[in-house]
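The values are calculated or read from the model by the stated rules, or taken from the named source; none is laboratory data. As the structure is a prediction and not an experimental result, all values here were calculated from the model. Cβ atoms come from the backbone with ideal geometry, glycine included; neighbour counts cover every protein chain shown.
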Amino acid sequence: AVTTRLSDYQPPAYLVDSVNLDVDIRDGVTTVTSELALRRNPEAAVSDTMSFNGEGLVIRSLALDGKVLEEGEYRYENGELRLSGLPEQATLISVVDIEPEKNTALEGLYMSNGMYCTQCEAQGFRHITFFPDRPDVLSRFCTTVRADKKRYPLLLSNGNPVEQGEEGERHWVTWEDPFPKPCYLFALVAGNLACLEDRFVTASGREVALRLYAEHRDLDKLDHAMASLKHAMRWDEQTYGREYDLDIYMIVAVSHFNMGAMENKGLNIFNTSCVLAHPATTTDAGFQRVESVVAHEYFHNWSGNRVTCRDWFQLSLKEGFTVFRDQMFSADMNSAAVQRVNDVDFLVNHQFPEDQGPMAHPVRPAEYQKIDNFYTLTIYEKGAEIVRMQYHLLGAESFRKATDLYFDRFDGQAVTCDDFVDCMEEVSGMDMGQFRRWYSQAGTPILSVTSEQSGDTYSLTFRQQTPPTPGQSDKQPLVIPVRLALLDKAGEPVALDDTGLRETVLILREQEQTFQFPVGQTVTPSLLRGFSAPVVLEFDYRADQLATLLAHDTDGYCRWSAAQRLYFAALDRLVTGHGKAEDEALKLAPVLEQVIERAGEDAAQAALLLTLPTEVALGDRHTPLDPSAIHSAHQQLKRALGRALQAQWLSLSENLLATELQMDGVAMGRRQLRNLALDYLAAGEHKEAARIAVELFELPLCMTEELGALRVLVHHRLPGAELALKQFAEKWKEEALVMDQWFSVQASVPGETTVESVAALLEHPAFDWKVPNRVRSVLGALAGNPSAFNTDEGYALFTRALATVDALNPQIAARIGNAAARLHKLESGRQRAFRTLLQGVNDKASPNLSEVLSRILG
Ligand code: DPP
Ligand code: ZN
């Protein structure tokens, strides 16, 4: 495997000022003619040699400045075309054949349900034509797409259509994109699609046509994406002063897609799961996801497209920043407190484990083998937290000035994470030198806090330490902003100094620091409010302090975190055999009752507070990992809580019932709480649970209710579960995204026997190894289901499946392969068995999968 290193970065020898592409699509073979205007790069060392990337291209002809190149006048091997003796400027014309019909890896040009589409980030364009496939080569693209008129009436590419014509049964359209862009933002679509059209008038009065395309049967599922797009466009004008810059903005929904969505200039291509939404077929969580992904890709038009990355090590420059932007957007559109807790929950439960395991890497990695493997939670979610810390360090106003400077200064350029921080530094006058370590240092910092009361002084001592990560044993102290308050017995924040300040932000810079407050009474520290830094906070809270935080803290994150600590403490005692589930439930009940009583204030927040940590999260606290013990502790506590609060769960299950469908945040929160209550009711084996679930299942107002009921029936093996599964599959067999849920519900039933169901699901006629969404719906769900996954049968099935996926789609295989990352935590028997199987897969794995498995196998 070839390792690419940040320290080896060299600017390209030649630039490509313009690209003329002609893509001639015919059954079986597509012919791509490209004309590149090359110019020696004034920023690079003088050289007359240039490399162009090209994967699997069949050369028909190559010509330099009109002269045909004979074999021997160029070299094409190992994915590289090398030309020497180039003049200062030259025109390279290449004609190549590709076979999109056979492309199951879904990078470059491929077919999805009868339409042609592309995915070029990170390195897909080299599967289409010869090109310096790197983000620091920005070119003006002019693209002509040709195809059969009847079967592919719609021919799209980036920018504006400038010409079109017909030739017998075929037709063509030429698109011009006036904005220079790297080739990873290139896109093309040829198909027969329905369109939802609308318009948007920008702040400066320009009219933009908005066109969302999907298969004809899905035309009724585009309204939510359209509304979300318009909200995002307005929000970016108001919040960042950024306007849209082309006359047309298009989104195309495709059912075969490796990622969630792709921000190609003017022509986004989306996984159907991130754009289609209808209350009958899409859950509330699905609606929220569509809103945030549509916004995310739209925001990339500035943070990513107008200002792009110099190299792929800088990926977080656009992704971390854009995730931060979409999180803030969603917070403005919905409940900000709930949004923050959801984002933190996701980070803590998914990015932290990545950062603490064999795949740990810095937000700006120093090296990689396959860049596709670095579209990670660390680059995205931790990257967003790093931008968020800068936002808070500068304050909203200065941050806006800094982003204005960033966009103005670097418009049309490919830049680095350091360029971004430079703007923060310049505007604020702050020294961000130490802060930059967040980009280069991997691992989750652990912040241990101790308190001391002595007379009229309360002091807090903070010790920070980042455990070693692969390849990085030596860790430096980071800048850690800690927002805090001190709560009195009644839960009110006390004055922290003689000005009456009741909340402050401490900026930690050293390994150990102590802060004193003139506070004489007993207090409960409310630490890391708003999750002000992505660290693990250790503080030896007493149970009554956690109850105070949960009951009174005004900070949503601190309330949630207190609940998590209470649950983990109870669960840990059950795992280690030091407690009884009934006793733990009795201790928790009064605190949870208070949460339930206040649920009317914000049902979504109540649901978050009442949700137990997952088995995966619990397992991560115990080494060696014994998944059966974890599973049993989890089931016991849930059952005991189900019983201890059964009157409450019953009344929530029945009283939150709505009579008509509403899609606002309040209604969604109520549905979330209701589904949770029903789940607890069933866990406590209440005799009414099955009846309520069946009634809901049979007459649902929307998919959130229907799926929620199905999940309770199936996960608790209630009477009626089998029938419900059958009815559901019959009702929704034509709706791929709903069927994904059907697969996933079954693969996520906790318990060893689920492996058998998973084996059957893989044989189901509707299972398709070539559709990433379907593969994820089964294998992704199994991976998140530790008691089923961590069995001999689970390992055997998982590794077999991994090899099958790898032969078709290495990117997806590598992603799923990450599920093995807890290998080193397993007890030795399981570890040995799993290791042998993984080794077997790794011996024949693609470079993508092999990079992941080799790191895990160590
Ligand atoms: N499509 C992916 C995203 O938007 C990669 N850019 O994050
Ligand atoms: Zn993105």
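The table below lists the values:
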{"quantity": "Helices (runs of 4 or more DSSP H) fully within segment 564-620 counting 3 or more residues that are closer than 21 Å to Ala633 by Cβ", "calculated": "581-597, 615-619"}
{"quantity": "Pairs with Cβ under 6 Å, 6+ apart, first in segment 529-552 and part of a loop (DSSP other than H, G, I, E, B), second among the acidic types (Asp, Glu) and modelled with pLDDT of 95 or more", "calculated": "Arg529/Asp555; Pro534/Glu385"}
{"quantity": "Scan of segment 251-289 for residues that are within 16 Å of ligand 2 (Cβ to nearest atom) and of a type in the set (A, V, I, L, M, F, W, C), ordered by number", "calculated": "Ile251, Phe257, Met259, Ala261, Met262, Leu267, Ile269, Phe270, Cys274, Val275"}
{"quantity": "Residue within segment 386-405 that is within 29 Å of Gln123 (Cβ to Cβ), assigned to a helix (DSSP H, G or I) and within 17 Å of the chain's Cα centre (by Cα) present", "calculated": "yes"}
{"quantity": "Residue selected from segment 63-110 under the condition closer than 20 Å to Val23 by Cα and among the β-branched types (Val, Ile, Thr), by the criterion surrounded by the fewest Cβ atoms within 10 Å (Cβ to Cβ)", "calculated": "Thr91"}
{"quantity": "Selected residue (criterion: farthest from ligand 1 (Cβ to nearest atom)) from residues of segment 236-278 that are farther than 22 Å from Lys318 by Cα and out of contact with any strand residue (DSSP E or B) (no Cβ under 7 Å at 6 or more places or on another chain)", "calculated": "His278"}
{"quantity": "Residue match in segment 765-779 (condition: modelled with pLDDT of 95 or more and closer than 20 Å to Arg830 by Cα)", "calculated": "yes"}
{"quantity": "Pairs where the first residue, in segment 4-33, is free of Cβ contacts under 8 Å to residues at least 60 places away in the same chain and the second is of a type outside the set (A, V, I, L, M, F, W, C) and surrounded by fewer than 17 Cβ atoms within 10 Å (Cβ to Cβ), C-beta under 6 Å, 6+ apart", "calculated": "Ala13/Ser47"}
{"quantity": "Set Glu319, Glu297, Glu291: member being away from ligand 1 (no atom under 13 Å from the Cβ), in a helix (DSSP H, G or I) and either touching a Ser or Thr at 6+ places or on another chain (Cβ under 7 Å) or under 19 Å from Tyr375 (Cα atoms) (or both)", "calculated": "Glu291"}
{"quantity": "Qualifying positions in segment 444-457 - within 23 Å of Pro365 (Cα to Cα) and either among the charged types (D, E, K, R) or surrounded by 21 or more Cβ atoms within 10 Å (Cβ to Cβ) (or both)", "calculated": "Thr444, Pro445"}
{"quantity": "Criterion: among the acidic types (Asp, Glu), in a loop (DSSP other than H, G, I, E, B) and either buried (at least 19 other Cβ atoms within 10 Å of the Cβ) or modelled with pLDDT of 95 or more (or both) - qualifying residue of Asp220, Asp136", "calculated": "Asp136"}
{"quantity": "Segment 650-693, residues that are exposed (fewer than 15 other Cβ atoms within 10 Å of the Cβ), of a type in the set (Val, Ile, Thr) and part of a helix (DSSP H, G or I)", "calculated": "Val666"}
{"quantity": "Meets criteria (in contact (Cβ under 8 Å) with a residue 40 or more places away in the chain, loosely packed, with under 15 Cβ neighbours inside 10 Å and within 27 Å of His578 (Cα to Cα)) for Glu593", "calculated": "yes"}
{"quantity": "Every residue from segment 150-166 that is assigned to a loop (DSSP other than H, G, I, E, B) and over 22 Å from Ile269 (Cα atoms)", "calculated": "Lys150"}
{"quantity": "Residue count for segment 689-732, restricted to those that are basic (Lys, Arg) and touching a helix residue (DSSP H, G or I) at 6+ places or on another chain (Cβ under 7 Å)", "calculated": "1"}
{"quantity": "Selection within segment 293-323 - away from ligand 2 (no atom under 11 Å from the Cβ) and either among the basic types (Lys, Arg) or within 14 Å of the chain's Cα centre (by Cα) (or both)", "calculated": "Val294, Arg306, Arg310"}
